[in-house]
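Visitor: To start, I am sharing the structure in question, which I have written as structure tokens.
The values are calculated or read from the model by the stated rules, or taken from the named source; none is laboratory data. The model shown is predicted, which means the values in this text are computed figures rather than measured ones. Don't worry about glycine lacking a Cβ; one is built from the backbone with ideal geometry, like all the others, and counts go over all protein chains shown.
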Amino acid sequence: MVKKIKLGILKETKNPPDRRVAVTPNQAKEILNRFPNVEVFAQKSELRCFNDSEYSNLGIHLVDSVSDCDILIGVKEVAIDKLIENKTYIFFSHTAKKQPYNRKLLQEIIKKKITLKDHEYFTDKNKMRLVAFGKWAGIVGAYNALIGFGLRNNLYILKRAKDCFEFKEMIKHVEEVKLPNIKILITGGGRVAKGAMETLAPLKLKYVTPKEFISKTFNEPVVCQIDADTYTRHKEGKEFDFKHFFANPTEYESTFRPYAENADIYIAAHFWDSKSPEFITESDFKSGKIKLQIIADISCDIKHPIASTLRPSTIAEPFFGYNPITGLEGQAFDKNNITIMTIDNLPGELPRDSSTEFGNTLVERVYPSLFEEDKDEIIERATIVKNGKLTSKYSYLKDFVEGKE
């Protein structure tokens with residue numbers, strides 16, 4: 001008789017708490033149906049967006065400890081003191097880019113001879129990510145921008161996404177919003193930007209071109225979405241090419257300033273490389289020409305490329321103020337400040353929807369390789385540590401782990 005693989009659904013242990021899950025109750029049931037060689041156990045949790053009874057009602061085992069399981073899956077980083085020796089873990093570890101705040105986590109994973117597979121690096125043959133929460137970051141980030149604008153101008157009060165049962169309820173609140181004649185700018189062209197546009201869709205805003213956005217006034221609220229081919233240009237005037245830009249970001253310069261000067265709400269939903277041009281610098285703000293009221297920085301890269309992103313905000317306290325003259329933090333809705341939103345775990349505000357979509361992709365695209373044959377090396381590409389040793393693909397982390405860099 002073949003020994004079954006025991007999959008344990010982890011109780012999230014990162015602080016501040018995250019209510020998302022990697023495996024919903026229905027997905028746990030589907031795993032049992034599709035992969036007869038797998039057993040599923042859910043670690044009891046009072047925080048999870050799906051309560052324990054939703055798992056047990058579908059016949060999923062509830063346990064206090066997942067120490068008997070072979071593979072342990074979660075969303076956010078596992079607390080260091082909760083790591084179990086010799087286990088296989090799957091979660092967003094935020095270690096492969098040498099994030100200093102997670103050096104100790106990676107050191108402990110190696111010390112405890114753990115195998116670590118990271119959601120971020122489940123990719124197809126073309127290096128395209130298979131699973132991500134990005135769309136939901138865009139959805140909630142744009143909604144928070146609308147919340148901030150309403151509060152700042154005493155126009156309306158929207159129910160927080162975190163207090164809505166699901167996306168359908170949140171979007172109904174968007175339908176009630178009536179905006180004045182403002183300009184909304186979105187940067188980015190990927191999942192996050194598409195999510196932001198999905199939130200704004202019920203407002204039926206007029207979509208304008210980049211040229212119109214910076215040169216015209218309108219008697220209705222408008223939105224403009226721009227990508228790197230608009231907010232940057234080659235320093236020598238060469239024709240823009242996305243592939244070349246991503247490979248050679250230092251050869252490009254920013255053309256973003258006119259857009260910042262003409263927007264009322266800016267939703268930053270782009271991917272940014274530290275070698276790429278800045279968007280809004282401290283000196284740009286101090287010029288007094290930027291009249292932005294709201295910046296919802298979904299990308300949340302601290303201080304660069306947007307100088308007002310002084311720190312991440314939180315789901316509990318989503319907004320803070322940025323004084324463009326002093327460059328200092330202040331009251332969120334003081335009219336001398338720009339209202340800033342920089343929550344770095346936005347999908348956690350709509351945990352049921354975001355978890356369901358994320359988990360469905362795992363079931364369809366990742367689990368066949370995890371529980372059966374890894375023919376396309378999806379699992380191999382995402383394995384950062386195997387039995388306590390860095391894999392060859394991630395051997396560049398050696399000096400980082402040893403504290404040499």
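Visitor: Counting only residues that are of a type in the set (A, V, I, L, M, F, W, C) and outside any helix (DSSP H, G or I), which one in the range 342-353 is nearest to Leu7 (Cα to Cα)?
Guide: Leu350
Rundown of residues vs (1) in a loop (DSSP other than H, G, I, E, B); (2) in the same structural domain as Asp163 (by TED's automatic domain parsing); (3) in contact with a helix residue (DSSP H, G or I) (Cβ under 6 Å, 6 or more places away or on another chain); (4) of a type in the set (S, T, N, Q), yes/no style:
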residue	(1), (2), (3), (4)
Leu310	yes, yes, no, no
Pro324	yes, yes, yes, no
Phe333	yes, yes, yes, no
Ile340	no, yes, no, no
Ser355	no, no, no, yes
Asn360	no, no, no, yes
Val363	no, no, yes, no
Ser369	no, no, yes, yes
Glu373	yes, no, no, no
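Visitor: Report yes if some residue within the range 20-28 is surrounded by fewer than 20 Cβ atoms within 10 Å (Cβ to Cβ), in the same structural domain as Ile379 (by TED's automatic domain parsing) and part of a helix (DSSP H, G or I); otherwise report no.
Guide: Within the range 20-28, one or more residues are surrounded by fewer than 20 Cβ atoms within 10 Å (Cβ to Cβ), in the same structural domain as Ile379 (by TED's automatic domain parsing) and part of a helix (DSSP H, G or I).
Visitor: Are any residues in the range 49-86 surrounded by fewer than 20 Cβ atoms within 10 Å (Cβ to Cβ) and either assigned to a helix (DSSP H, G or I) or of a type in the set (Lys, Arg) (or both), and if so, which ones?
Guide: Answer for the range 49-86, where residues must be surrounded by fewer than 20 Cβ atoms within 10 Å (Cβ to Cβ) and either assigned to a helix (DSSP H, G or I) or of a type in the set (Lys, Arg) (or both): Asp52, Ser53, Glu54, Ser56, Ile80, Asp81, Lys82.
Visitor: Okay, moving on. Could you list, in sequence order, the residues of the range 87-98 that are assigned to a loop (DSSP other than H, G, I, E, B), under 21 Å from Cys69 (Cα atoms) and either of a type in the set (Lys, Arg) or more than 21 Å from the chain's Cα centre (by Cα) (or both)?
Guide: Lys87
Visitor: To continue, here is another question. Which of (1) farther than 16 Å from Thr383 by Cβ; (2) touching a helix residue (DSSP H, G or I) at 6+ places or on another chain (Cβ under 7 Å); (3) polar (S, T, N, Q) is the odd one out, the single condition Gln99 does not satisfy?
Guide: (2)
Visitor: Going by the conditions given, is Thr309 among the polar types (S, T, N, Q) and buried (at least 20 other Cβ atoms within 10 Å of the Cβ)?
Guide: The answer is yes for Thr309.
Conditions tested, residue by residue: (1) among the polar types (S, T, N, Q); (2) modelled with pLDDT of 95 or more; (3) over 26 Å from Ser355 (Cβ atoms); (4) buried (at least 17 other Cβ atoms within 10 Å of the Cβ).
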| residue | (1), (2), (3), (4) |
| --- | --- |
| Leu151 | no, yes, yes, yes |
| Leu158 | no, yes, no, yes |
| Glu166 | no, no, no, no |
| Glu169 | no, yes, no, no |
| Lys178 | no, yes, yes, no |
| Ile186 | no, yes, no, yes |
| Lys194 | no, yes, no, yes |
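Visitor: Sort through Pro305, Pro324 and tell me the only one that's farther than 22 Å from Val140 by Cβ and touching a strand residue (DSSP E or B) at 6+ places or on another chain (Cβ under 9 Å).
Guide: Going through Pro305, Pro324 in turn, the sole match is Pro324.
Visitor: What pairs can you find where one residue is in the range 8-19 and touching a residue at least 24 places away in the same chain (Cβ under 8 Å), the other is polar (S, T, N, Q) and assigned to a strand (DSSP E or B), and their Cβ atoms are less than 6 Å apart, with a gap of 6+ or different chains?
Guide: Hits for this filter: Leu10/Gln43; Lys11/Gln43.
Visitor: On to the next question. So which residues in the range 265-295 are within 23 Å of Trp136 (Cα to Cα) and either not hydrophobic (A, V, I, L, M, F, W, C) or not assigned by TED's automatic domain parsing to the domain that holds Tyr143 (or both)?
Guide: Once the filter is applied, which keeps residues that are within 23 Å of Trp136 (Cα to Cα) and either not hydrophobic (A, V, I, L, M, F, W, C) or not assigned by TED's automatic domain parsing to the domain that holds Tyr143 (or both), the range 265-295 yields Tyr266, His270, Asp273.
Residue-by-condition table, conditions (1) among the aromatic types (Phe, Trp, Tyr); (2) at pLDDT 95 or above; (3) under 21 Å from Asp118 (Cα atoms); (4) exposed (fewer than 15 other Cβ atoms within 10 Å of the Cβ):
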position	(1), (2), (3), (4)
Thr326	no, yes, no, yes
Thr342	no, yes, no, no
Glu349	no, yes, no, no
Ser369	no, yes, yes, no
Ile379	no, yes, yes, no
Leu390	no, yes, yes, no
Tyr394	yes, yes, yes, no
Val401	no, yes, yes, no
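Visitor: Then there's this: Taking Ala193, is it over 17 Å from Gln293 (Cβ atoms) and free of Cβ contacts under 8 Å to residues at least 24 places away in the same chain?
Guide: When the stated conditions are applied, Ala193 does not pass them.
Visitor: Let me ask something additional. Any residue in the range 33-56 that's outside the structural domain of Asp70 (by TED's automatic domain parsing): show its pairings with residues that are among the aliphatic types (A, V, I, L, M) at Cβ separation under 9 Å, as long as the two are six or more apart or on different chains.
Guide: Partner pairs satisfying both residue conditions: none exist.
Visitor: Which residue is nearest to Leu10 (Cα to Cα), if the candidates are limited to the range 99-122 and must be assigned to a loop (DSSP other than H, G, I, E, B) and either without any contact (Cβ under 8 Å) to a residue 40 or more places away in the chain or over 18 Å from the mean Cα position of the chain (by Cα) (or both)?
Guide: Ile114
Visitor: If only one of Ile298, Ile302 is touching a helix residue (DSSP H, G or I) at 6+ places or on another chain (Cβ under 8 Å) and either of a type in the set (Asp, Glu) or not assigned by TED's automatic domain parsing to the domain that holds Lys97 (or both), which one is it?
Guide: After applying the criteria, what remains is Ile298.
Visitor: From the list Glu212, Glu220, pick out the single residue that is assigned to a loop (DSSP other than H, G, I, E, B), of a type in the set (D, E, K, R) and either free of Cβ contacts under 8 Å to residues at least 24 places away in the same chain or not assigned by TED's automatic domain parsing to the domain that holds Thr356 (or both).
Guide: Glu220
Visitor: Something else about it: Quick check on Tyr101: is it at pLDDT below 95 and among the aromatic types (Phe, Trp, Tyr)?
Guide: Here the answer is yes, as Tyr101 does meet what is asked.
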